[in-house]
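Okay, structure first, notes after.
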């Protein structure tokens, strides 16, 4: 097992890239701690915004996993203008300050838990975001489990290759469109202010404590659970 740690501050921007699977957890510290579980190695680096801007100009924003430096969106400029990049050749675990803003990539599985900042995540297989304050972009080649306090944007789309479980705690006004293995259905929560499209190769489960109204023409509802 290989371990590295770096001083990050209380609200860092962090990019994590794993060749296999990674678990990311918030902890009460100003350090990022990384443990690699195999022989493929660990790398932890700190970069300036200027380096990231040069990388963006050279490579382009459309590239995801192969972009070495791509800063997570912070939404403000309170941070030190630096980004911490963690690379795991195989699998491992990363502990980050609770208020971190994260951009996560993994060839296999991602699990992130207890993060108070924004999380964007792209998993080759399974993706699980639990007790996350702000959900950004997310996609998974396999199953996806999203359990987040709120989400970024009023028009969002989430796709998974397998089952998709969707729970946004403060979702009180949304038009929901679903395409899963059972077909297509639409529903509305409240006034329908936000637009949410969920598409997966398995079953979609919508988790909400709000009243869900089926919409025409078929007035069909899929799988809905109470939290």
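The values are calculated or read from the model by the stated rules, or taken from the named source; none is laboratory data. A quick note: this is a predicted structure, and the numbers were derived from the prediction, not measured. Using ideal geometry, Cβ is built from the backbone for each residue, glycine included, and neighbour counts are taken over all protein chains shown.
Does at least one position in the stretch 165-174 carry a residue that is over 24 Å from residue 26 (Cα atoms) and crowded, with 20+ Cβ neighbours inside 10 Å? Scanning the stretch 165-174, I find at least one residue that is over 24 Å from residue 26 (Cα atoms) and crowded, with 20+ Cβ neighbours inside 10 Å, so the answer is yes. Within the stretch 182-197, can you find the residues that are assigned to a loop (DSSP other than H, G, I, E, B) and in contact (Cβ under 8 Å) with a residue 40 or more places away in the chain? Across the stretch 182-197, the qualifying residue is only 182.
Quick grid of which residues meet (1) out of contact with any strand residue (DSSP E or B) (no Cβ under 8 Å at 6 or more places or on another chain); (2) modelled with pLDDT of 95 or more; (3) over 18 Å from residue 129 (Cα atoms); (4) not assigned by TED's automatic domain parsing to the domain that holds residue 137:
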| residue | (1), (2), (3), (4) |
| --- | --- |
| 33 | no, yes, yes, no |
| 48 | no, no, yes, no |
| 54 | yes, no, yes, no |
| 68 | no, no, yes, no |
| 116 | no, yes, no, no |
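So which residues in the stretch 1-31 are under 18 Å from the mean Cα position of the chain (by Cα) and in a strand (DSSP E or B)?
Going residue by residue through the stretch 1-31, those that are under 18 Å from the mean Cα position of the chain (by Cα) are 11-27.
Within the stretch 1-31, 13, 14, 15, 16, 17, 18, 22, 23, 24, 25, 26, 27 meet the criteria.
Can you say whether residue 179 is assigned to a strand (DSSP E or B), over 28 Å from residue 88 (Cβ atoms) and in contact with a strand residue (DSSP E or B) (Cβ under 8 Å, 6 or more places away or on another chain), as far as the supplied structure shows? The answer is yes for residue 179.
Check whether at least one residue in the stretch 153-164 is assigned to a loop (DSSP other than H, G, I, E, B) and more than 24 Å from residue 210 (Cβ to Cβ), and report yes or no.
So the first thing to find is which residues in the stretch 153-164 are assigned to a loop (DSSP other than H, G, I, E, B), and the list is 153-154, 161-163.
Adding the requirement that they be more than 24 Å from residue 210 (Cβ to Cβ) leaves 161-162.
Yes: one or more hits.
For the stretch 112-130, a tally of residues being more than 15 Å from residue 13 (Cβ to Cβ) and over 10 Å from the mean Cα position of the chain (by Cα) returns 5.
Filter the stretch 198-227 for residues that are assigned to a strand (DSSP E or B) and farther than 21 Å from residue 126 by Cβ and give the result.
We begin by selecting, within the stretch 198-227, every residue assigned to a strand (DSSP E or B); these are 198-200, 204-207, 212-214, 223-225.
Answer for the stretch 198-227, where residues must be assigned to a strand (DSSP E or B) and farther than 21 Å from residue 126 by Cβ: 212, 213, 214, 224.
Looking at 135, 102, 125, 146 in this structure, which one is modelled with pLDDT of 95 or more, part of a loop (DSSP other than H, G, I, E, B), within 30 Å of residue 226 (Cβ to Cβ) and not assigned by TED's automatic domain parsing to the domain that holds residue 180?
On the way: 135 fails: part of a loop (DSSP other than H, G, I, E, B); 102 fails: part of a loop (DSSP other than H, G, I, E, B); 146 fails: part of a loop (DSSP other than H, G, I, E, B).
Sole residue among the options that is modelled with pLDDT of 95 or more, part of a loop (DSSP other than H, G, I, E, B), within 30 Å of residue 226 (Cβ to Cβ) and not assigned by TED's automatic domain parsing to the domain that holds residue 180: 125.
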